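Take a look at the structure below.
Read the figures in this text as sums done on the coordinates, not as results from a lab. What you see is a predicted model; the values in this text were computed from it and never measured. Every residue, glycine as well, gets a Cβ built from its backbone with ideal geometry; the counts of neighbours run over all protein chains shown.
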Amino acid sequence: MAELKVSDIKNVYEALPKKHADAREKFGRPLTLAEKVLTSHLDHWPAEEVKRGETYAFLRPDRVAMQDATAQMALLQFMQAQLKTVAVPSTVHCDHLIQARVGAEADMADALNENKEVYDFLESASNKHGIGFWKPGAGIIHQVVLENYALPGTMMIGTDSHTPNAGGLGMVAIGVGGADAVDVMAGVAWGLRWPKLIGIHLKGKLNGWTSPKDVILKVAGILTVAGGTGAIVEYFGEGTKSISCTGKATITNMGAELGATTSIFPYDERMAKYLRITKREEFAALADQYKDCLVADPEVVQDPLSYFDQVIEIDLDLLEPYVVGPHTPDLARPISVFAEEIKIKGYPDKLTYALIGSCTNSSYEDMSRAAHVAQQASDHGLKASCGFLITPGSEQIYETIERDGQLKTLEDIGGTVLANACGPCIGQWRRDDIKPGESNSIITSFNRNFQKRNDGNPETLAFIGSPEIVTALALSGSLSFNPMKDSMNGSDGVPFKLTPPEAPELPARGFKSEDNGYLPPAANGDQVSVVVNPKSDRLQLLEPFAAWDGKDYENMPVLLKALGKCTTDHISPAGPWLKYRGHIDRISDNMFIGAINAFTKEVGIGLDVVDQDHQKTYPQVARNYKAHNRGWMVIGDQNYGEGSSREHAAMSPRFLGCKAVLVRSFARIHETNLKKQGILALTFVNPADYDKIQETDTLAIRSLGGLAPGKNLQIELLHEDGNCELIEAKHTMTEEQIGWFKAGSALNLIRENSQKKQALKS
């Protein structure tokens, strides 16, 4: 589908006042900004009263964005639907498959060679189905979306958990799995449980060393990685106006680390400035005209406790820089107490690497503030005391900071500039400076720091801070260095202190971009061929999953009972496995290899009850069960499936025979991904029942023929000693989602409906 024109957005904005008036009448009260955007994108109003956290609503997003790792499976699924073109503007961004090795030029050359088959597939499939294609090196999906597509008051879904980055420009942008993207691209209304609302009241103004990054690091410490689950985080208050548009995007980007559905800021002049400098002047003019529709109603700001489920107040005047980690983004503390904590907990104080950039912190402002810190050290004859890597967010950012000198300043202190891609942020980092298992500390300005996330080494302690703090620590080489109070010695031996960074939020001469890397799709894709080599180990055409056979689930072994945190990085690791994202069979060999076995405490190894083998990997066990036609279950703890939106964490279990996943609680995206693939996503009614499940149990789920919304299921546990226990499990499936289960997947239903429409036409 062609891109939205100014006239299209004008029509959208002109309709907002009436839609918002209708919503106020429906709710009987003023509206938050999140409610304004959601209600204006409803396919239809739910028949029942809208209740947060309960009511299932159907929405019509304005666009879809996909990154190359997830786009492979999304497009393979879309091809199964047998549709000619996408129903809404959609784009593919090639940013995940470029490995960081030595530097931008060499790494890009290697990536283009190694991933040629995948890039050719993505480009041809995009070209055929009306999808815009951003070439490798064009930039990281979220930065490119912010620069080109994000608009206040509009709505987008993206196949990446950090899609909420666009909330910095007043957009409701939600991370989803590929199957959700297929729904929207196929013209199907997209379902979402009505979110709860968390309000963040920002007072005061950022100053000194404090940056937008510190806002979200503090919020992560307050809410934790699960505190935002099922909620939209909405920022309000005078303090929002002191933060640049790209700074707001940093904050909303990392809202994904709270488990939040998305995060959003109200429209203001900082957003208008960003729209104008990114050549969207007409859109800025429209937003200015309808600005009252792009902020919360005044009553909400005056009395937030009456409109939000939870309100957090942060005084920016008092906020200081924060550092989070290791191994989780919610282990937060101000930098003033960090040095003492390092001593107490025995973290390695010597830094091996410092890394800035990524989709989270790669704006012109970020790079300029980091360069200001770097220049101070350079003036005193210093260079970075550890490895220092820089990842520009887009080609536009790269060309602009190269022109304006920030890039040279960062290189002069020993920085290595990487490709405009995700690189180390998502595990695409090949290190040769440490041995496997060697304990070391790194600090990044990225968004996620799970164990093994960046370099695959479980003993790398990854901490997160702002780009300016990371740069200061790179210069010192010490994790405990505090630039607000500590001095360093210049090359002449004279001590000096760094001064707080200063930098413009936007380039005075505008952005430079001679080749942004965008390829529009063919006007008519009928003549475009999409070829997948049947012998390829990178791409594999999909076969539909089998529909439910109408029988109860019986005689199911427990493949895995996961102990503690089980993220999508544990379920389907990235890093070297990213290359197989388009090949469901190959990538399934990584299934649960990072998960901790609750019975043995071993990683990635479980019991095969068929062969009575205790030392098989989980993929090996699952393949053996599949060969013996035995479905199996997974048992999990709290916030199961936290992290990335990668649907492979649901597709691989489905491919290898998983029937149900039973946990104490789910992360939002993963729960939906499981449902989309026809797996029963269940939670314990009594969380303590988790402890009842034994390694050799055989499980049964009966009365599936009576599966209905709100109706709990009975699960039978047959123990090895012959005793039998019943436990109760609940689900959140709607009638439509039960239809997905019965059809075998959501995609199967889309294809069936498409075939019916075609039959009627013919």
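Can you tell me how much longer the chain between ILE222 and ASP309 gets when fully stretched, taken as 0.36 nm per residue apart minus their C-alpha distance, in nm with one decimal?
Answer, rounded to one decimal: 29.8 nm.
Taking a cut-off of 19 Å between Cα atoms, list the lysines near LYS561, but don't count ones fewer than 8 places away on the same chain.
LYS601, LYS616, LYS626, LYS659, LYS692, LYS730
Beyond a 18 Å Cα-Cα separation, which of these cross-linked pairs lie in this structure: LYS241/LYS273; LYS213/LYS241; LYS5/LYS128? Working shown, then result.
Working: LYS241/LYS273 12 Å; LYS213/LYS241 15 Å; LYS5/LYS128 21 Å.
Among LYS241/LYS273; LYS213/LYS241; LYS5/LYS128, the Cα-Cα distance tops 18 Å for LYS5/LYS128.
Counting Lys +1, Arg +1, Asp -1, Glu -1, what net charge surrounds VAL295 among other residues with beta carbon under 14 Å of its beta carbon? Write down the numbers at each step before the final one.
Details: positive: LYS36, LYS241, LYS248, ARG270, LYS291; negative: GLU35, GLU234, GLU238, ASP268, GLU269, ASP288, ASP292, ASP297, GLU299.
Around VAL295, the charge tally is -4.
Read through the labelled values [x] 157; [y] 234; [z] 325 and report the label of the one computed as volume of the Cα convex hull per residue in Å³ from the structure.
After the calculation, the listed value that fits is [x].
Where does the charge balance sit around ALA332 when Lys and Arg score +1, Asp and Glu -1, over other residues with C-beta under 12 Å from its C-beta?
Once all neighbours under 12 Å are counted, the net charge is -2.
Per DSSP H run of at least 4 residues, take -39500 (n - 2.57); add these up for the chain, divide by its residues and hand me the 222 nm value, nearest 500 deg cm²/dmol.
Computed mean residue ellipticity for the chain: -9500 deg cm²/dmol.
Net charge within 13 Å of ILE232 by Cβ-Cβ distance, Lys/Arg positive one each and Asp/Glu negative one each, not counting ILE232 itself?
+2
Name the residues of region 195-227 whose amide N is less than 19 Å from a point 7 angstrom out from the Cα of ASP317 along the C-beta direction?
201-212, 215
Can you give me the C-alpha center-to-center distance between region 41-72 and region 222-247, rounded to a whole angstrom?
A separation of 21 Å, based on Cα centres.
Would you list SER745, SER306, SER263 from fewest to most Cβ contacts within 10 Å?
Fewest-to-most ranking of SER745, SER306, SER263: SER306, SER745, SER263.
Report the extension gain between LYS51 and PHE599 in nm, rounded to one decimal, defined as 0.36 nm multiplied by the number of residues separating them, less their alpha carbon distance.
Answer, rounded to one decimal: 193.3 nm.
Testing the spin-label approximation: label points 7 Å from Cα along Cα→Cβ at GLN82 and SER7. State their distance in nm.
Each label point lies 7 Å from its Cα, and together they span 3.5 nm.
Rank the residues TRP209, TRP134 as a footprinting-exposure proxy: fewest other Cβ atoms within 10 Å of their Cβ go first.
Values: TRP209 22, TRP134 28.
Fewest-to-most ranking of TRP209, TRP134: TRP209, TRP134.
Given points 7 Å out from each Cα along the Cα-Cβ axis, report the ARG430 to ASN489 separation in nanometres with one decimal.
Between ARG430 and ASN489, the simple spin-label model gives 3.9 nm.
Can you return the aspartates and glutamates within cross-link range of LYS203? Criterion is Cα-Cα under 19 Å, with same-chain partners fewer than 8 residues away left out.
Those aspartates and glutamates meeting the cut-off are ASP214, GLU234, GLU238, ASP268, GLU269, ASP297, GLU299, ASP303, GLU313, ASP315, ASP317, GLU320.
Rank the residues PHE446, PHE599, PHE121 as a footprinting-exposure proxy: fewest other Cβ atoms within 10 Å of their Cβ go first. Kindly include the intermediate steps, with their values, before the conclusion.
Details: PHE446 30, PHE599 16, PHE121 24.
By the 10 Å Cβ count, ascending: PHE599, PHE121, PHE446.
Using a basic spin-label model with each label point 7 Å from the Cα along Cα→Cβ, how many nm lie between GLU695 and ILE344?
Each label point is offset 7 Å from its Cα along the Cβ direction, giving 3.7 nm.
Between LEU519 and ASP288, what length in nm is gained on full extension when 0.36 nm per residue of separation is reduced by their alpha carbon distance?
Fully extending the segment from LEU519 to ASP288 adds 80.1 nm.
Given the pairs LYS36/LYS135; LYS135/LYS512; LYS135/LYS579; LYS10/LYS51, which span a C-alpha to C-alpha distance of over 23 angstrom in this model?
Exceeds cut-off: LYS36/LYS135; LYS10/LYS51.
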